[in-house]
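Data first, discussion second: the structure below is written as structure tokens.
The values are calculated or read from the model by the stated rules, or taken from the named source; none is laboratory data. All values derive from a computational prediction rather than experimental measurement. Don't worry about glycine lacking a Cβ; one is built from the backbone with ideal geometry, like all the others, and counts go over all protein chains shown. Each accessible area value is taken on the protein alone, full model and side chains, heavy atoms only, with ligands, DNA and RNA left out. Shrake-Rupley method; radii C 1.70, N 1.55, O 1.52, S 1.80 Å.
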Amino acid sequence: MEKRLIILIISLLTVFQIANADDSEAKTSPLDSIFYMVEMQGSMSFDGGKTPLWLNANKYGLSSLDKNNGYLRAATIRPLSVDNEKKWGIGYGLDLVGAVNYTSKAFVQQAYAEGRWLKGVLTIGSKEYPMELKNQKLSSGSQTLGINARPVPQARIALAEYWKVPFTRGIVSIKGHIAYGCFTDDNWQKAFTQLLHTYSEKYNYHSKAGYIRIGDPERFKPVSLELGVEMATQFGGTTHREVNGVFKTYKNKGGLSGMIDALIPGGGGDVAETDYKNVSGNMLGSWLARLNFDYDTWYLGIYADHFFEDHSQMFLLEYDGYGTGSEWNVKKDKRYLMYSLKDIMLGVDLRLKNSFTWINNVVVEYLYTKYQSGAVYHDHTKLMPDHIGGLDNYYNHHIFPGWQHWGQVMGNPLYRSPIYNDDNRVMVKNNRFIAWHLGIGGAPTPNLSYRLLATLQKGWGTYYFPFQDPHNDICLMGEAVYNFGDDSLLKGWSIKGALGLDHGKTYGNNFGVQLTIRKTGFF
């Protein structure tokens with residue numbers, strides 16, 4: 001896998017280097033404007049606790065729960081934006097990490113090459129992608145395509161920036177992507193489960209997203225509306241499934257047929273399903289919306305993120321028109337059940353522009369995930385034709401290891417990641433919760449910035465394994481960053497210090513400190 005990835009990256013760089021050589025507008029070389037970064041981080045927790053949530057979460061999996069942990073990181077990156085003035089563009093990056101008390105002692109965090117023609121971008125490899133329609137520093141995280149887990153190696157075709165649709169006077173713009181890849185945590189799953197519980201090998205990744213913007217922020221109109229959908233699927237590979245101590249091995253649907261089913265969900269089923277087939281693979285996603293008020297001196301965004309695991313929450317509808325008798329599993333009538341829109345993430349993002357003040361950015365979010373189509377799971381039978389589908393069990397799946405990678409959930413970290421489990425099971429044990437999240441950022445001077453995160457959460461576990469009593473948690477973090485100025489002898493250096501605190505049953509009682517030193521520049 002790694003050899004093939006390296007060959008693909010080298011080939012892609014060669015192709016785009018040749019293409020740029022013939023570009024009359026080219027004024028830069030693929031070896032120009034290469035950014036480098038060297039970073040060292042250490043974390044320490046006290047009184048036997050783990051790394052606090054907000055010192056661990058939303059770092060693309062570059063984190064550890066161990067009491068004492070740290071890493072040394074070195075990266076070289078040529079941003080695709082260097083070639084923004086040209087028809088063609090080339091970008092690439094290599095990001096290597098050596099770590100202490102992590103899931104791996106040494107690993108590749110990022111290794112990718114990408115090329116752009118006009119607005120279209122092809123990327124091959126592992127890359128850290130930011131969240132869409134969310135505040136990268138202050139949000140608790142997207143529910144589908146988040147920034148909490150280690151990147152998945154993939155081939156990705158994207159319309160990365162908004163493209164104005166012709167004949168709409170620039171009022172309507174679209175962007176999106178389609179990607180296929182492979183998860184890399186096979187060995188971690190085997191080690192974590194100790195081969196005693198369900199795990200998967202060589203399984204595949206698919207994601208797709210589309211966004212539409214109504215309004216043109218580059219013109220005089222300050223108000224715009226963004227709507228989007230993000231979807232992802234785990235498919236293929238081999239699953240070793242444990243039920244009551246007995247293992248069965250399943251070869252999941254992969255290849256071209258599996259890729260098509262992942263791209264266009266709506267048919268098929270998993271290998272362990274018989275009469276009640278849903279879709280092939282672990283399919284999930286989010287409907288997104290964001291209303292923007294973008295003025296010269298301030299910005300206000302109001303947004304929503306509705307998560308779904310299957311059709312009942314995707315469309316809030318369930319088919320309920322099956323026949324009876326020998327036609328008990330045949331769709332006969334146009335009859336549907338409607339579900340409530342309860343599970344949702346709502347947020348407000350207020351920013352003051354070009355302002356060095358103690359507070360210039362505030363984010364408030366509310367998350368509700370308790371409903372999951374209801375507490376009743378009743379598939380129709382020969383004697384009972386009514387069909388009710390609940391117990392959606394967010395981020396978990398009966399065949400695949402759920403929406404996680406290397407033990408960290410790939411969406412919002414308030415769904416408790418499997419790395420917290422002490423029973424060797426790869427599963428999310430708290431996916432039904434209510435949470436309030438507050439993020440505050442400021443920059444009192446051009447060199448000094450900070451952020452504060454505070455989360456109140458009440459969790460009920462899962463429908464299948466509810467907590468005996470609800471868990472109440474509070475998670476806090478304070479972080480400050482000092483960047484040495486260009487006129488300083490330490491140009492390009494920065495130092496970041498953070499304190500984190502958890503109190504409650506979901507994450508434990510933890511207090512920790514974290515120190516990060518970074519040097520950046522250009523070759």
Self-check item: Candidate set from segment 413-430 (those that are in contact with a strand residue (DSSP E or B) (Cβ under 7 Å, 6 or more places away or on another chain) and in a loop (DSSP other than H, G, I, E, B)); member that is most open to solvent (accessible area, probe 1.4 Å)
Solution: K429
Quiz prompt | Residue list for segment 491-520, filter: in contact (Cβ under 8 Å) with a residue 40 or more places away in the chain and on the phi > 0 side of the Ramachandran plot | solution = G504, G508
Practice problem: Answer yes if at least one residue in segment 330-338 is open to solvent by less than 60 Å² (accessible area, probe 1.4 Å), outside any strand (DSSP E or B) and farther than 30 Å from V223 by Cβ, and no otherwise. | Solution: no
Exercise. Run down Y336, Y377 and say which single residue is among the hydroxyl-bearing types (S, T, Y), in contact with a strand residue (DSSP E or B) (Cβ under 6 Å, 6 or more places away or on another chain), at pLDDT below 95 and within 30 Å of W403 (Cα to Cα).
Key: Y336
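Which of the residues spanning segment 349-380 are basic (K, R) and not in a loop (DSSP other than H, G, I, E, B)? So that I can check it myself, show each step before the final result.
At the first step, the residues of segment 349-380 found to be basic (K, R) are 351, 353, 370.
Answer for segment 349-380, where residues must be basic (K, R) and not in a loop (DSSP other than H, G, I, E, B): just R351.
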Practice problem: Exactly one condition in (1) of a type in the set (G, A, S); (2) touching a Lys or Arg at 6+ places or on another chain (Cβ under 8 Å); (3) open to solvent by less than 10 Å² (accessible area, probe 1.4 Å) is not met by G390; state its number. | Solution: (2)
Quiz item: How many residues are in contact with a Lys or Arg (Cβ under 9 Å, 6 or more places away or on another chain) and not in a strand (DSSP E or B) if we restrict to segment 286-324?
Solution: 7
Quiz item: Restricting attention to segment 499-513, which residues are open to solvent by less than 10 Å² (accessible area, probe 1.4 Å) and either in a strand (DSSP E or B) or among the aromatic types (F, W, Y) (or both)?
Solution: G500, D502, Y507, N510, G512
Practice problem: Just give me the residues in segment 270-295 being modelled with pLDDT under 85 and more than 24 Å from G411 (Cα to Cα), in sequence order. | Solution: V271, A272, E273, T274, D275, Y276, K277
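Taking the condition of being among the hydrophobic types (A, V, I, L, M, F, W, C), open to solvent by less than 50 Å² (accessible area, probe 1.4 Å) and without any contact (Cβ under 8 Å) to a residue 40 or more places away in the chain, how many residues in segment 90-106 meet it? I'd like the intermediate steps shown before the answer.
So the first thing to find is which residues in segment 90-106 are among the hydrophobic types (A, V, I, L, M, F, W, C), and the list is 90, 94, 96-97, 99-100, 106.
Now drop any that are not open to solvent by less than 50 Å² (accessible area, probe 1.4 Å), which leaves 90, 97, 99.
When the remaining residues are screened for being without any contact (Cβ under 8 Å) to a residue 40 or more places away in the chain, the result is 97, 99.
Looking only at that region, the number is 2.
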Self-check item: Qualifying positions in segment 333-374 - over 27 Å from the mean Cα position of the chain (by Cα) and aromatic (F, W, Y)
Solution: Y336, F356, W358
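Table: residues versus (1) open to solvent by less than 60 Å² (accessible area, probe 1.4 Å); (2) over 22 Å from the mean Cα position of the chain (by Cα).
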residue: R432; (1), (2): yes, no
residue: W436; (1), (2): no, no
residue: G439; (1), (2): yes, no
residue: G459; (1), (2): yes, no
residue: P466; (1), (2): no, yes
residue: H471; (1), (2): yes, yes
residue: D486; (1), (2): no, yes
residue: L489; (1), (2): no, yes
residue: W493; (1), (2): no, yes
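Residues to consider are Y450, Y482; find the one that is open to solvent by 60 Å² or more (accessible area, probe 1.4 Å), assigned to a strand (DSSP E or B), among the aromatic types (F, W, Y) and touching a residue at least 12 places away in the same chain (Cβ under 8 Å).
After ruling out the rest, the residue left standing is Y482.
Scan segment 62-73 residue by residue and report those that are open to solvent by 30 Å² or more (accessible area, probe 1.4 Å) and more than 23 Å from the chain's Cα centre (by Cα). Break it down into steps so the answer makes sense when it comes.
Step one: list which residues in segment 62-73 are open to solvent by 30 Å² or more (accessible area, probe 1.4 Å), which gives 66-68, 72.
Listed by number, the residues that qualify are K67, N68, L72.
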Quiz item: Going by the structure shown, is L96 modelled with pLDDT under 80, out of contact with any Asp or Glu (no Cβ under 6 Å at 6 or more places or on another chain) and either farther than 28 Å from G492 by Cα or not charged (D, E, K, R) (or both)?
Solution: no
Self-check item: strands (runs of 3 or more DSSP E) wholly inside segment 127-244 containing at least 3 residues that are within 20 Å of the chain's Cα centre (by Cα), at pLDDT 95 or above and crowded, with 22+ Cβ neighbours inside 10 Å
Solution: 204-214, 223-235
Quiz item: Filtering segment 296-325 down to residues that are over 29 Å from the mean Cα position of the chain (by Cα) and under 30 Å from P222 (Cβ atoms), which residue is modelled with the lowest pLDDT?
Solution: D296
Self-check item: Matching option when the condition is of a type in the set (D, E, K, R), touching a Gly at 6+ places or on another chain (Cβ under 7 Å) and open to solvent by 20 Å² or more (accessible area, probe 1.4 Å), among K50, K59, K87, K119
Solution: K50
